[in-house]
Each structure stands twice: as C-alpha cells, then as structure tokens.
Amino acid sequence: MDITSGSATDTLRVLRSAVSELNQVVADGALAQLGKRDLLEFMAGFEEIRAMLSVTDHRIVRACDDTELAERVGERSTASLMAKVLRIAPVEARARVKAAEVLAPRFSPLGPELPPVRERVATAQSLGHVTTRQAAMINESLSGIETACPLTPEESAALEEAMVGHARQFGPRELQACLHRIEAHLNPDGVLPSEEILHERRFVHLVQRRDGSYVIEGSLTRECGAQLWTVISSLAKPRPSDIAGPDLRSPGQRMHDAVDDMAGRLLRSGRLPQSGGTPATVIVTIDHDSLVRGVGFGTTSAGQPIPTAELLRLASEAQVIPVVLDDAGAVLSAGRTMRLATSGQTNALIARDGGCSFPGCEIPPEWCERHHIQEWISGGRTDLDNLTLVCKYHHRNFQAAGWACEMINNVPHWRPPDWLPGPNEPVLHHRIAHRHDLYEQAA
C-alpha cells in the first residue's frame, strides 16, 4: 500500500463509516429480530472481526518501534506513548507491545519483511480464529517450553500449530488445561526456570481505580518473593479484635494490612530517597472548612482523594502532612513536625509499653505507631503521659470498635466498649502490668 497516497487514511474512514452503520443497525433492534442461529452466527462473526483487528494493532506497534516514535516525541517507551495517546491503562499498553513483538512481521535491514516469530498464531489471528487472550496464552506456554526443552525449529512450529488447533476449539479455560498437559508431557520433571529468566520476567503493576483504591499484580524473583513473604507473614498473623476475641479479618485482609504496615513504617523511617529536594512525604491539600468540620476529602499531590477523617488519623503519625487552604486557595498552614515523638521519648515508650498497648496484642515495638491519647490535631501534647505504642491495625480500628485509651497512674489503659460483656473498667495490657510491677519493686 502506498501510504503517501492517503490509502490508509481512506481505508480507516471507510472502516469508521461501516462501524457507524453497523451500530445504527443494531440500535434499531435488528438483532432482536434474528433467530437464535442467526444471532449466534452474527456474534461469532463479530468476534472474528475483533480478532482480525489485532493484526493491525500489532503493525501499528511495530511501526512505532521501528521509527522510534516514542523517543522522538519525548516518551520513555512505546507502551507509555500508547497509554497516553490512546488513553488506555499502562498494563494494557504493555500487553499490546508484548504481543506485537511475536505477532507482527519483522523488518530486516538486509532484506525483505520477515514473518512474525509466532507465524502460525499470527495467521490464525488474521483470519479471526484466535483471540487476543488465546494468542497471549499460546506465546507464554511456548516460551516456557522452549526455555526448558531443546526444540528444533520444526518441532517448535509443529507444537505451535497444535496449540492453534486447540485454540480454534476451546475457550481460555479449556485451552489453558490443554497447554498444561502439553507442558507436562514435554517437561515432566518441571525444570525450574533460571534466575536470569525470572529476573527478566519480574514486574509489579500498581494501578489506581477511579474510586481511588489500587489494584496490584506482579511476578517476583525467588529472592524478592521469599523476603516479602517473610515480612508479610509475620505481620499478617491474626490479632485479637478485643481482649480475647478472634481476628475478624479474612486472610486476604490481613495480608493487605501487613503491606500497609510495611509502607507506613518505611515512610516513618525517613530513609526513603529524597524527591524534589525533600524526604519522601505524602502531602495532602484540604480546605479549612472541611478540616474543621471533619467532612469531605483532601487530595494528594498525585490526585488521589483521602477522606478527611482518614487524613486526620494519618496526620497524627506524620505519614502525611496536611496543607490547609482558605476559600481562595491560599495556604493557611502546612502541618507541623512537632507532633512526632523524639527518639528519647520513643525509647521511653518502648521501655514502658514493650509493644502494642492494646489488650491481648503482641506486636513488637518496632512495628508500632505512637498514638496521641488526646489527638494532636485537637491540641494533645506530644508528652509521655499523652502517648502510647499501638500497632497499625488497632490504631486504625479501636475507635470504630468502641474502645478508648486513657492514662491511669502514668500507664495506658483501654476502656472497653459498652457492648462488650463484663464490667466497663479500664484494662491494662498484661505485658505493661508486669513491667510496671517490676519497676515498682525496683523503686
């Protein structure tokens, strides 16, 4: 095709017109008038067209790579360029680039166009016989087999053809089962991939949803995974919801809270690399009225909303610095670091509390936060008689559960909620009581 003649642009215009006409037809209720056989055929035919369009997508990605378009327009990679221009998620952009690497034709500087790495998959996709998901599954399975087993080009081609045949008959779930059987037959010993391969495959994606929450996915090397599991498993152990009650969190929720503990501790350590000349810090802007009334949201520098109530809780531990704005957007205050206990005060808290002071909790002091009994944001002092060590889980949840902390004889006690059976008297952690008795005896 002669691109300079405008043929590609004209073809795209015709395609837009055809899709618009198709949308108008289905909007008029034509599909509802079809018999079940005709409707099934229409649905299958439309899916074939969807798969065929992937071929064009692969060539577009290849063209971007071959012309170094991303570098010419100031983007880091073709994937980041696609994510920005096409307004798609980065994970989807990376998947398209990965697919194009094996399914798009290659250009040789010394000769004509070369066929795709997975030529048979690409051909089946061009005919609409293999979906994007099936193509990715076949490529991943083939890559693993070729890494673990020495195959000739002919054997690899025959194996690819067999997998394409399965894809024509089965959906992703059944196809995955077929691929697993093939892998087990060719590699019965389950040879583990080398460290170099695992290192190359490593990735972590952290994608923000529209509601402000995040989705995390990734593949870790053996060393990284072992380290992370060691840390998370120790932090994800069940903790009492009250004095002796069971932990009401699911295993997945406990794992999430363990990651939350890790991130909070790292932020508080002050050991993160500096960003823009200042230590890594979460800065949240909020208007004065919302802060005073405890309603609405603050906004991080990355645009993530944080409810005001959550912001006030986090601010007590200096995980975030609230920047308060007036109605005109001018800065009224920018948070004080005076709320942080000194190292000497922290050592005194460790000596007194020995860990989380909530009754029944055995989290060590290294994983605890310093809690202001009278909230710092409400005028509470950063003094030993207004501070206690609390693990992140209880720091976040004790108020919602109806508990309250109060200082009696210079040691922290916890008053149970009204709904808990028994006397509503303050409870002292057995660890702190033991330490206090030893101190009294020594005195």
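The values are calculated or read from the model by the stated rules, or taken from the named source; none is laboratory data. Here the structure is a predicted model, which is why all the values come from computation and not from measurement. Heads up, the Cβs are rebuilt from the backbone with ideal geometry, glycines too, and the neighbour counts pull from every protein chain shown.
Checking Pro423, Pro365 one by one, the residue that is modelled with pLDDT of 80 or more and either among the acidic types (Asp, Glu) or under 21 Å from Pro240 (Cα atoms) (or both) is Pro365 and no other.
Taking each residue of region 189-206 that is closer than 23 Å to Arg94 by Cα and aliphatic (A, V, I, L, M) and looking for partners that are outside any helix (DSSP H, G or I) and modelled with pLDDT of 70 or more with beta-carbon atoms closer than 6 Å, six or more apart or interchain, yields Leu198/Thr221; Val204/Gly218; Leu206/Tyr214; Leu206/Ile216. Restricted to region 63-164, the set of helices (runs of 4 or more DSSP H) holding at least 2 residues that are in contact (Cβ under 8 Å) with a residue 24 or more places away in the chain and not hydroxyl-bearing (Ser, Thr, Tyr) comprises 90-103, 119-126, 132-148.
Within region 49-62, identify whether any single residue is under 29 Å from the mean Cα position of the chain (by Cα), more than 25 Å from Asn139 (Cα to Cα) and of a type in the set (D, E, K, R), and answer yes or no. Within region 49-62 (the criterion being under 29 Å from the mean Cα position of the chain (by Cα), more than 25 Å from Asn139 (Cα to Cα) and of a type in the set (D, E, K, R)), the answer is no, since none of the residues qualifies.
Looking only at residues that are charged (D, E, K, R) and out of contact with any Lys or Arg (no Cβ under 8 Å at 6 or more places or on another chain) in region 71-87, which one is modelled with the lowest pLDDT? Top of the filtered list is Arg76.
For residues in region 354-365 being under 17 Å from Asp261 (Cβ atoms) and of a type in the set (Gly, Ala, Ser), which is surrounded by the most Cβ atoms within 10 Å (Cβ to Cβ)? That would be Ser357. Screening the candidates Arg62, Arg50, Arg94, Arg76 for the property of being loosely packed, with under 15 Cβ neighbours inside 10 Å and within 23 Å of Pro116 (Cβ to Cβ) yields one hit, Arg50.
In summary, Glu119 fulfils each of the numbered conditions (1) surrounded by 14 or more Cβ atoms within 10 Å (Cβ to Cβ); (2) within 26 Å of Val91 (Cβ to Cβ) with the single exception of condition (2). Is one or more of the residues making up region 211-233 loosely packed, with under 12 Cβ neighbours inside 10 Å, within 30 Å of Gly298 (Cβ to Cβ) and at pLDDT below 80? Looking through region 211-233, at least one residue is loosely packed, with under 12 Cβ neighbours inside 10 Å, within 30 Å of Gly298 (Cβ to Cβ) and at pLDDT below 80. Out of curiosity, is Asp247 over 20 Å from the mean Cα position of the chain (by Cα), modelled with pLDDT of 75 or more and not assigned by TED's automatic domain parsing to the domain that holds Gly379? Here the answer is yes, as Asp247 does meet what is asked.
Here is a yes/no grid of residues against (1) closer than 22 Å to Gln125 by Cα; (2) in the same structural domain as Gly218 (by TED's automatic domain parsing); (3) modelled with pLDDT of 85 or more:
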{"position": "Gln24", "(1), (2), (3)": "no, no, no"}
{"position": "Met52", "(1), (2), (3)": "yes, no, yes"}
{"position": "His58", "(1), (2), (3)": "yes, no, yes"}
{"position": "Leu103", "(1), (2), (3)": "yes, no, yes"}
{"position": "Phe107", "(1), (2), (3)": "yes, no, no"}
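Test Arg201 against the stated conditions and say whether it is over 30 Å from Gly422 (Cβ atoms), basic (Lys, Arg) and either exposed (fewer than 12 other Cβ atoms within 10 Å of the Cβ) or touching a Cys at 6+ places or on another chain (Cβ under 8 Å) (or both). Spelling it out, it is not the case that Arg201 is over 30 Å from Gly422 (Cβ atoms), basic (Lys, Arg) and either exposed (fewer than 12 other Cβ atoms within 10 Å of the Cβ) or touching a Cys at 6+ places or on another chain (Cβ under 8 Å) (or both). Counting the residues of region 208-248 that are touching an Asp or Glu at 6+ places or on another chain (Cβ under 9 Å) and free of Cβ contacts under 8 Å to residues at least 12 places away in the same chain gives 1. If you go through region 1-17 and keep only what is surrounded by 11 or more Cβ atoms within 10 Å (Cβ to Cβ) and at pLDDT 80 or above, you end up with Thr11, Leu12, Arg13, Leu15. Among residues of region 334-353 being within 23 Å of Leu266 (Cβ to Cβ), of a type outside the set (A, V, I, L, M, F, W, C) and crowded, with 18+ Cβ neighbours inside 10 Å, the one that is modelled with the lowest pLDDT is Arg339.
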